[in-house]
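Single-structure report; data block below.
Each value in this text was obtained by applying a stated rule to the coordinates, not by laboratory testing. Remember, it's a predicted structure, so these values are computed and weren't measured experimentally. So basically every Cβ, Gly included, is an ideal-geometry build from the backbone, and we count neighbours across all protein chains shown.
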Amino acid sequence: MSVNADTVNAPPVSPLPSLSVLLAAPRGFCAGVDRAIRIVELALEKFGAPVYVRHEIVHNRYVVDSLRSKGAVFVEELGEIPDTGQPVIFSAHGVAKSVPADARSRNMFVLDATCPLVFKVHFEAVRHHEAGRQVILIGHAGHPEVIGTMGQLPDGAVELIETVDDVARLQPRDPDRLAFTTQTTLSVDDTAAIVAALQGRFPTIVGPHKEDICYATTNRQAAVKDIAPRCDIVLVVGAPNSSNSLRLVEVAERAGCPQGRLVQRAEDIPWDLIPQSGGTVGITAGASAPEILVDEILEALGSRFSVAVELVTTAEENVAFNIPRALREDSTAA
């Protein structure tokens, strides 16, 4: 039998269609989320199970289920926690002042995992209130961070707005005694428009010394803006109750990508929207989504396509926050 030399020397043909993947960086865990998860893990190591956590420590089901499997018990209210003396942890989103007060009245041992950048917003709101200014909070109604920030001040002291249209409807007590703060996980562009409207209507309004939208939210949105125009679809790994993840979907579409989709796991990939050959998929992850879920998405894509991954880095992050002293001393001793 004769053998064709051209056939012998030909490169192997992949049976899978080609797919380009643009992997955005930064993506995934921010310093506040990493700190919050570490607090729960160290508390379990030091004090054993159960460790009680008020609200989801971060908005990601995979993370919550993983910590639950190690002995964390998640509750919505302190009244659900038995009097055992075990640690009670407040989530990264922060809590109203009434919550730690309630914990003290119950003699609970509290470890506060509130993100330091959320604490900054709390401090600003209190400072403005004490200076006699009415506080305008830009944020999403019902989000735990917004509830926590509004709960730093007496009822009625904070006016929540969500859109530019809300600015036109504002009826402040004194237009010359106003200040604004923002939720840390908002759309950078949307918030800039709202702030401009506030400053246009109330020229003397006082803003934060440094922008309240956190570095991680800003960086992840900038990374998505960079890749979106080159993509047929951008997959955002995150949870449906994660504000920063939902904003990434919006940013991708506004930046020129035809489709942005939120996916929690590989099983959520919208295969009918993935280009069948020669297309480009962008991938990022919200600040509370672990990298293992990104890997899972890439593996699923690799099972159906010949994938070429390009890492697109728009910023470097080296932020880290200290954990509570009780846990820090224990980890140092170890």
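Extension gain for ASP155 to ASP268 (0.36 nm times residue separation, less C-alpha to C-alpha distance): 36.6 nm. Given the C-alpha centroids of segment 102-128 and segment 146-165, what is the distance between them in whole angstrom? Cα centroid to Cα centroid, the span is 16 Å.
Relative to the longest principal axis of the Cα atoms of the chain, the long axis of helix 188-201 makes an angle of roughly 40 degrees. Computing FRET efficiency as 1/(1 + (r/R0)^6) for GLU250 and ASN322, where r is the C-beta to C-beta distance and R0 is 25 Å, gives about 0.15.
If a/c stays under 1.5 just call it rounded; otherwise compare a/b with b/c (prolate if a/b is bigger, oblate if not). Do that for the chain, with a ≥ b ≥ c from the square roots of the Cα gyration tensor eigenvalues. Verdict is oblate for the chain. Shown in residue order for segment 293-309 are the 3J(HN,Hα) couplings computed by the Karplus curve 6.51 cos²θ - 1.76 cosθ + 1.60 at θ = phi - 60°: 6, 5, 4, 4, 5, 4, 5, 5, 5, x, 7, 10, 9, 8, 9, 10, 9 Hz (x for Gly and Pro).
Classify segment 117-201 as rounded, prolate or oblate from the Cα gyration tensor: take a ≥ b ≥ c as the square roots of its eigenvalues, call it rounded if a/c is under 1.5, otherwise prolate when a/b beats b/c and oblate if not. Judged from the Cα gyration tensor, segment 117-201 comes out oblate (a/c at least 1.5, b/c at or above a/b). Summarising the amide proton neighbourhood of VAL21: residues at separation of 5 or more, or on other chains, whose placed amide H is nearer than 5 Å comprise VAL281, ALA308, VAL309, GLU310.
Remark on ALA285: its backbone amide H falls under 5 Å from those of GLY28, VAL237, a criterion applied only to residues 5 or more positions apart or on other chains, H modelled at 1.01 Å from N. Applied to segment 241-257, the Karplus parametrisation 6.51 cos²θ - 1.76 cosθ + 1.60 on θ = phi - 60° returns per-residue 3J(HN,Hα) values of 9, 8, 4, 5, 5, 4, 5, 5, 4, 4, 4, 4, 5, 5, 8, x, 7 Hz, with x for Gly and Pro. For the chain, a Gaussian network of Cα nodes joined below 10 Å ranks GLN276, GLN264, GLN221 by mean-square fluctuation, and the top entry is GLN276. Under the simplified labelling scheme, the ARG304-ALA131 pair shows an inter-label distance of 5.3 nm, with each label point 7 Å from Cα along Cα→Cβ. When the helices of the chain are scored as -39500 (n - 2.57) per DSSP H run of n ≥ 4 and the total is divided over every residue, the value at 222 nm lands at -11500 deg cm²/dmol.
Here segment 117-201 carries DSSP beta bridges of which approximately 0% are antiparallel, counting only pairs with both residues inside.
How long is the gain from ASP295 to ASP189 if the chain were fully straight, where each residue apart is worth 0.36 nm and the alpha carbon distance is subtracted?
Roughly 35.2 nm would be gained on extension.
Backbone amide hydrogens, once placed in the peptide plane, bring VAL53 within less than 5 Å of VAL73, PHE74, VAL75, ILE89, excluding anything fewer than 5 places away on its chain. A simple rule links phi to the HN-Hα coupling: the Karplus curve 6.51 cos²θ - 1.76 cosθ + 1.60 with θ = phi - 60°, which for segment 43-54 gives 4, 5, 5, 7, 10, x, 7, x, 10, 9, 10, 7 Hz, with x for Gly and Pro. Cβ-to-Cβ counts within 10 Å put SER243, SER187 in ascending order as SER187, SER243, the fewest first.
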